[in-house]
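Report on the following structure.
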Amino acid sequence: MTTRLQTLDSLPASVLRPVYDRDRVTTGILHLGPGAFFRAHLAVYTDDVLVKDNRWGIEAVSLRSTDVVDHLNEQNGLYTLLTRDTAGTSARVIGSIAKAHAASRDPGSLLKRLADPAIRIVSLTVTEKAYGLDPRTGGLDLAHPDIAADLANPTHPRGVIGYIVAGLAARQAQGLNPFTPLSCDNLPGNGAVLKRLVLEFADRIDPALRRWIEESVPFPSTMVDRITPASTDETYADAERLTGHADRAAIETEPFSQWVIEDHFVDGRPAWEEAGALMVSDVSAYEKMKLRMLNGAHSLLAYLGFIAGHEFIRDTMQDAALKSLAERHMQAAARTLDPLAGIDLDAYASALIARFENRAIAHRTYQIAMDGTQKLPQRLLQPAAEALARGEDAETFALAIAGWMRYALGIDRNGKPYDLRDPRAGEIAGLLEATDRSARGIASALFSLPGLFPVALTDNAPWCARVERALFDLMSEGRTGSG
Ligand code: CS2
């Protein structure tokens, strides 16, 4: 039987590995959300930096699940990063994670780490839905289960905002430096969003704490980009074939990687720029570009692709109608952006298409379709409203939304039901049940989902009619109908 990946000994020469002494690394970063994306991105940039500066080891924390935590700890934090393109797959062992914690098992040790001044950065990849953001106000959603539970019991938090505030409160009480919270989720102004939620939460438990956070804690925003499909048995098999060791924490990703970070840190940071990150004073233009062009096109392809029977994004690129729709959509999204010095948006769009076409990356349309209510606003709805305000028809946005609505029915074109995997799935099902099942009925029910669609869209009758017509086509043909 193959041994587990636990040390750096006996790796084949072809496998890259840490060249620093892992025993001498100290922990400076606590990361919430140890999923595949973090292991393909922040943990890799940090692995590069540790060669020159060993103060930035990472402890990774999962707030809910325990599997990744156990796999990482059984492997002394080591895991294999597979990079795939059509020329082949390469393997690199990453050593930046010192250990992992499962907050659900041991919340006390997470609170202790958050209060420990050795931790200077608390980074996050927790997905959009974990923040407790109310899309109507841009502020705290008091009905979010974690927010409600943590406001009722702030010293025993269970959610992201509750933990961050509890950690900062402990530091303020002890007269310590704060840490820098660093959001790496796909939200526009992710640092500013996190700041607002943290301040609103803190204000409800202690206004003096709110003031201290406001005055002393920076919340840099970041734009993060690397396509990272969920690991599968093939990931584990390839990792084992290439490294000679079984690895239950292996992940796979594409060659491309980008990270743009606002350079505001309260107590130092790794020299991530030496690993290729771009440090800037304002990240918003980069974020908008990526969310609207990459993620917007991704969501469009995920919904229309899934309902047309395409399992992976790469398959949607073989469908000429969908590929040209994605290209048109990227151009429409680009027209909603301000120019960005040094960036050619046409070249950016072509590079995105090439990344989507990567035959070696099996990125499920169903994976991207998840959590639509959390993703649509920044990816499609806000830019659609801006496009309409500029006098454009926002046609590709309408088709994407019709795709989401068809997807929200939860039954594929062969009549097979699937799970929507959206935190608002219950509400959606309730609204749909009350309709007559016509495209018009379904569209108007979903348009009325509280807080989701901006009025600039729901008040625009021709655009809504366009969505409804596209939905009708999708429901009758089971195809995109996009031409
Ligand atoms: C995708 C993103 O799952 C999704 O919603 O659109 O995870 C996407 O792959 C990344 O943002 C790429 O950087």
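The values are calculated or read from the model by the stated rules, or taken from the named source; none is laboratory data. As the structure is a computational prediction, the values presented were derived from the model and not from experiment. Neighbour counts run over all protein chains shown; Cβ positions are idealised from the backbone, glycine included. We work out accessible area using only protein heavy atoms, side chains counted, and drop any ligands, DNA or RNA first. Shrake-Rupley method; radii C 1.70, N 1.55, O 1.52, S 1.80 Å.
With protein chains left intact and a 1.4 Å probe, residues in the range 284-477 average 39 Å² of accessible area per residue. Using a Debye calculation, one point per C-alpha and no hydration shell, please list log10 I(q)/I(0) for the range 174-298 at q = 0.10, 0.17, 0.18 Å⁻¹ in order. After summing over all Cα pairs, the log10 values are -0.46, -0.96, -1.00.
Computed per residue of the chain from DSSP H runs no shorter than four, each worth -39500 (n - 2.57), the mean residue ellipticity at 222 nm is -12500 deg cm²/dmol.
Peptide packing: for 36-42, 367-373, 390-396, the average count of neighbouring Cβ atoms within 10 Å per residue gives the ranking 36-42, 367-373, 390-396, highest mean first.
Distances over 22 Å make up what percent of all Cα-Cα pairs in the range 53-131? Considering the range 53-131, 35 percent of its Cα-Cα pairs are separated by more than 22 Å.
Largest accessible area first, the listed residues 85, 319 line up as 85, 319 when surface is computed with a 1.4 Å probe on the assembled protein chains.
Which of the lysines could a cross-linker bridge to residue 195, judged by Cα under 21 Å and excluding same-chain residues fewer than eight apart? Straight-line reach from residue 195, under 21 Å: 129, 288, 375. Look at where the Cα atoms of the range 396-428 and of the range 137-173 average out, and the two centres are 31 Å apart. At a temperature of 20 °C and a viscosity of 1.002 mPa s, determine how fast the chain diffuses translationally according to Stokes-Einstein, using the Kirkwood radius over alpha-carbon pairs as Rh; express D in µm²/s, rounded to the nearest whole number. D = 92 µm²/s. Here the accessible area is traced with a 1.4 Å probe on the protein chains. For the range 1-139, carbon and sulfur cover 52 percent of it. Using a probe radius of 1.4 angstrom, the carbon and sulfur fraction of the accessible surface of the range 284-477 is 51%.
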